[in-house]
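Please read the structure below before turning to the comments.
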Amino acid sequence: MKLAILSLLLGSASAFAPAMAPKATSALGETVSDLETLSKKLNPIVGYYDPLDLSNANLWGLGDEMTVGFIREAEIKHGRIAMFAFVGYIVHANGIRWPWPMTLEGDAFPTVTSPPEAWDAIPDAAKLQIFAFVGFLEYWRESQAEKHYMSGGKPGEFPAFDSKFIPGGALDLYDPLGWSKSRSEEAKAAGLVKEINNGRLAMLGIFGFLSEQKIEGSVPALKGIVSHYDGEVMAPLAKSILPHISLP
């Protein structure tokens, strides 16, 4: 569904702008060597695969360790959103929806079985609320972590909501059921490997769904399973909030 695309590409500016910190002169976190070791655990057959050489891109001139921290966080975050999107796609495709009204006016949730069409049927005001919530989560992750993921912090960790800022506190999104607290470090590491692999598979899955809907036959395994979509996957709103720009 389009929420995956929006969350990946829009979200909040903080998702793409690192916290500016002094350039590293010593190891702050993971290195390319650590990526190579992790890659063997993720996929012993393929191993280390970085065709665009992103791990050595020295993003914003901040050094290799910060660059690795950024791309590690980005992959985990995108994988989690893709897992939500993949499950959400299947739910919508099977006509499952909330029984209560979608809006205060009493409008029901869309009854279509094409997830992108369901997104199109949502009022833009509701979409903007979703964007605002995603932006808040991005802000909280970037500003409240004890140690930033580009400075030796743990990639994928989400800070718990603090009752000093949010009355009563809120659900710990990183470990909502408290299971991680009692797990050994080895079990946590194994769980992270599974999460990354599941996220990668989900990213392929959700884009496979959308590709087949837009270009029939592009994913032969899904031909006849998902319906054609005539809309624009990359247009999140019915009416753009950006000024009209005419290209020559």
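Couple of notes before you dig in:
- Tabulated pairs, the range 162-188, first within 25 Å of PHE136 (Cα to Cα), second among the aromatic types (Phe, Trp, Tyr), C-beta under 7 angstrom, 6+ apart or interchain: GLY169/PHE161; ALA170/PHE161; LEU173/PHE158; TYR174/PHE158
- Taking the range 95-151 as the range and being aromatic (Phe, Trp, Tyr), in contact (Cβ under 8 Å) with a residue 24 or more places away in the chain and either in contact with a Lys or Arg (Cβ under 7 Å, 6 or more places away or on another chain) or surrounded by 17 or more Cβ atoms within 10 Å (Cβ to Cβ) (or both) as the test, the residues that pass are TRP119, PHE131, TYR149.
- Tabulated pairs, the range 32-46, first among the basic types (Lys, Arg), second open to solvent by less than 90 Å² (accessible area, probe 1.4 Å), C-beta under 8 angstrom, 6+ apart or interchain: LYS40/GLY47; LYS40/TYR48; LYS41/VAL193
- Failed item in (1) among the hydroxyl-bearing types (Ser, Thr, Tyr); (2) out of contact with any Gly (no Cβ under 6 Å at 6 or more places or on another chain); (3) under 30 Å from ALA238 (Cβ atoms), with SER180 passing the rest: (3)
- Within the range 184-217, being of a type in the set (S, T, N, Q) and under 21 Å from GLY156 (Cβ atoms) holds for SER184, ASN197, ASN198.
The values are calculated or read from the model by the stated rules, or taken from the named source; none is laboratory data. On a predicted model such as this, the values are computed, not experimentally measured, just so you know. When we count neighbours, we look across all protein chains shown, and the Cβ atoms used for this are built from the backbone with ideal geometry, even at glycine. With ligands, DNA and RNA removed, areas are computed over all heavy atoms of the protein, side chains included. Shrake-Rupley method; radii C 1.70, N 1.55, O 1.52, S 1.80 Å.
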